[in-house]
Amino acid sequence: MQVPLSSPDITELEKNAVLEVLNTAQLSLGPKLPAFEQAVAAYTGVKYAVAVNSGTSALHLIVRALGIGEGDLVITTPFSFIASSNCFLFEKAIPVFVDIEPQTYNLDPVKVKTKIKELKEQGQKVKAILAVDVFGHPADWAELEKIAQEEDLFLIDDSCEAIGASYTSQGQTKKAGSFGDAGCFAFYPNKQITTGEGGIITTNKQNIYDLALSMRNQGRAVMGSAWLGHERLGYNYRLSDINCALGLAQMQRLPEILAKRQKVANYYLEQLQDVPGLNLPYIAPNVEISWFVFVVRLADQYTQQDRDQIMQKLRTQGVQCNNYFVPIHYQPFYQQLFGYQEGDFPITEQIAQRTIALPFFSNLTNAQIDYVVATLKNAL
Ligand SMILES: *Cc1c(COP(=O)(O)O)cnc(C)c1O
């Protein structure tokens, strides 16, 4: 049996929506763009959304809109997809990594506080914090917002893996992507919903909205100026109406897709609960996870080599899997640029060497899960 790691959930609704655009003359900057943006903004509970051509572009525009630039220090997590850190390198800002919580794998607010204090004592001022809702589990936003407020820092919610997740603090529940100054989602085909390629910025701040709108479209003024009038440095980060139509149909089906993913996760949890040597995903009591991937962690007696051998065994038996994530501070160009080394972030490292992302998507069948579980047990 072959079981892929991920697979998009596309139905006739999506196919017809895309065809409908192809039958018009407006393949870009047409009516599907604002419709998609409004759907995401309303769902997330924010005022504004700006669709762009990738999650990475969304992060880049947030960084630029906040005026984060050369030499600025930004606190973020080494346990993430590389884009959440690269977005600062695009602007010559400096990512300062802080280790994660051992259960949620998210940026640890206590360590963030300590790091800010340490930097202050060295006469250095931090400009922003970017936290990631890793694997669809929201970061500890109440604590992070408190720190950002006390220290007067910008706060960015990289929610590229967490559309539909929510976080409750003091009786108030908010959706992932709605925290801090701005958030974002991504729509690559392995995410919960897809536009093929795509991303979106979510914010309640009008200035961020205005700047992002302009910068995604070559720095054009948003209203009233000529097509060849450019007010600022911008990019072509536009998302076509073809992609937006696909995204809009996926947004309509998002509750259904998330429910299917929950069902798949539940079946995995049930089948794996008594397997010795495995740590199953943790979900904090004040959180509703949006299942992006299903990541198990081997117990501490397993080494990285053991993990890699287990993954190799799974793959040779048709079970696709991956080592989410290689810590960002292990990437050679980060080590060259900033002098990061192995040993700098022990919790991240200890987790990263033992994780295995198993096949996970909304149409994964129980028979496929049974096969994955049997193959994994055997490999263990
Ligand atoms: C997927 C992802 C992104 C953006 O990815 P794109 O491929 O550029 O759409 C950013 N941050 C995280 C944490 C992600 O998982």
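The values are calculated or read from the model by the stated rules, or taken from the named source; none is laboratory data. Quick caveat, the model's predicted, so the values are computed rather than measured. Here the Cβ positions follow ideal geometry from the backbone for every residue, glycine too, while neighbour counts run over all protein chains shown. Areas reflect the complete protein model, heavy atoms only, side chains present, ligands, DNA and RNA absent. Shrake-Rupley method; radii C 1.70, N 1.55, O 1.52, S 1.80 Å.
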Filter segment 134-161 for residues that are in contact with a strand residue (DSSP E or B) (Cβ under 9 Å, 6 or more places away or on another chain), farther than 19 Å from Leu61 by Cα and either in contact (Cβ under 8 Å) with a residue 40 or more places away in the chain or assigned to a loop (DSSP other than H, G, I, E, B) (or both) and give the result.
Val134, Phe135, His137, Pro138, Ala139, Asp140
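Conditions (1) without any contact (Cβ under 8 Å) to a residue 40 or more places away in the chain; (2) assigned by TED's automatic domain parsing to the domain that holds Lys175; (3) among the β-branched types (Val, Ile, Thr), marked per residue:
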| position | (1), (2), (3) |
| --- | --- |
| Gln2 | no, no, no |
| Pro34 | yes, yes, no |
| Lys47 | no, yes, no |
| Ile68 | no, yes, yes |
| Asp72 | no, yes, no |
| Thr76 | no, yes, yes |
| Ala83 | no, yes, no |
| Tyr105 | no, yes, no |
Residues that are of a type in the set (D, E, K, R), in contact with a strand residue (DSSP E or B) (Cβ under 9 Å, 6 or more places away or on another chain) and surrounded by 19 or more Cβ atoms within 10 Å (Cβ to Cβ): does segment 312-319 have at least one?
no
Could you list, in sequence order, the residues of segment 66-83 that are open to solvent by less than 20 Å² (accessible area, probe 1.4 Å), within 16 Å of the ligand (Cβ to nearest atom) and not in a strand (DSSP E or B)?
Thr77, Pro78, Phe79, Ser80, Ala83
Looking at (1) more than 24 Å from Leu107 (Cα to Cα); (2) open to solvent by less than 20 Å² (accessible area, probe 1.4 Å); (3) touching a Lys or Arg at 6+ places or on another chain (Cβ under 7 Å); (4) not small (Gly, Ala, Ser), can you tell me which one Ile257 breaks?
(3)
Members of segment 341-376 that are more than 21 Å from the chain's Cα centre (by Cα) and either aliphatic (A, V, I, L, M) or surrounded by 18 or more Cβ atoms within 10 Å (Cβ to Cβ) (or both)
Leu364, Ala367, Gln368, Ile369, Tyr371, Val372, Val373, Ala374, Thr375, Leu376
Helices (runs of 4 or more DSSP H) enclosed by segment 262-371 - at least 2 residues per element that are of a type in the set (A, V, I, L, M) and over 22 Å from Asp140 (Cα atoms)
304-316
Pick out the one residue from Thr203, Thr195 that is within 10 Å of the ligand (Cβ to nearest atom) and among the β-branched types (Val, Ile, Thr).
Thr195
Might you check whether a residue that is among the hydrophobic types (A, V, I, L, M, F, W, C), assigned to a helix (DSSP H, G or I), away from the ligand (no atom under 16 Å from the Cβ) and open to solvent by 10 Å² or more (accessible area, probe 1.4 Å) occurs anywhere in segment 206-213?
yes
When residues of segment 86-104 are filtered for being open to solvent by less than 20 Å² (accessible area, probe 1.4 Å), within 15 Å of Pro346 (Cβ to Cβ) and not aliphatic (A, V, I, L, M), how many remain?
2
Read through the list (1) assigned to a strand (DSSP E or B); (2) touching a Ser or Thr at 6+ places or on another chain (Cβ under 7 Å); (3) surrounded by fewer than 18 Cβ atoms within 10 Å (Cβ to Cβ), then give the number of the only condition that Leu130 fails.
(3)
Any idea which of Asn279, Asn266 is open to solvent by 60 Å² or more (accessible area, probe 1.4 Å) and away from the ligand (no atom under 16 Å from the Cβ)?
Asn266
Working carefully through the options Gly180, Gly199, find the one that is under 25 Å from Ala17 (Cβ atoms), touching a Phe, Trp or Tyr at 6+ places or on another chain (Cβ under 8 Å), modelled with pLDDT of 95 or more and crowded, with 24+ Cβ neighbours inside 10 Å.
Gly199
Kindly evaluate Ser240 against the criterion of being touching a residue at least 12 places away in the same chain (Cβ under 8 Å) and in the same structural domain as Ser28 (by TED's automatic domain parsing).
yes
Hey, could you check segment 134-158 for residues that are open to solvent by 20 Å² or more (accessible area, probe 1.4 Å), of a type in the set (D, E, K, R) and within 15 Å of Lys175 (Cα to Cα) and say which is farthest from the ligand (Cβ to nearest atom)?
Glu145
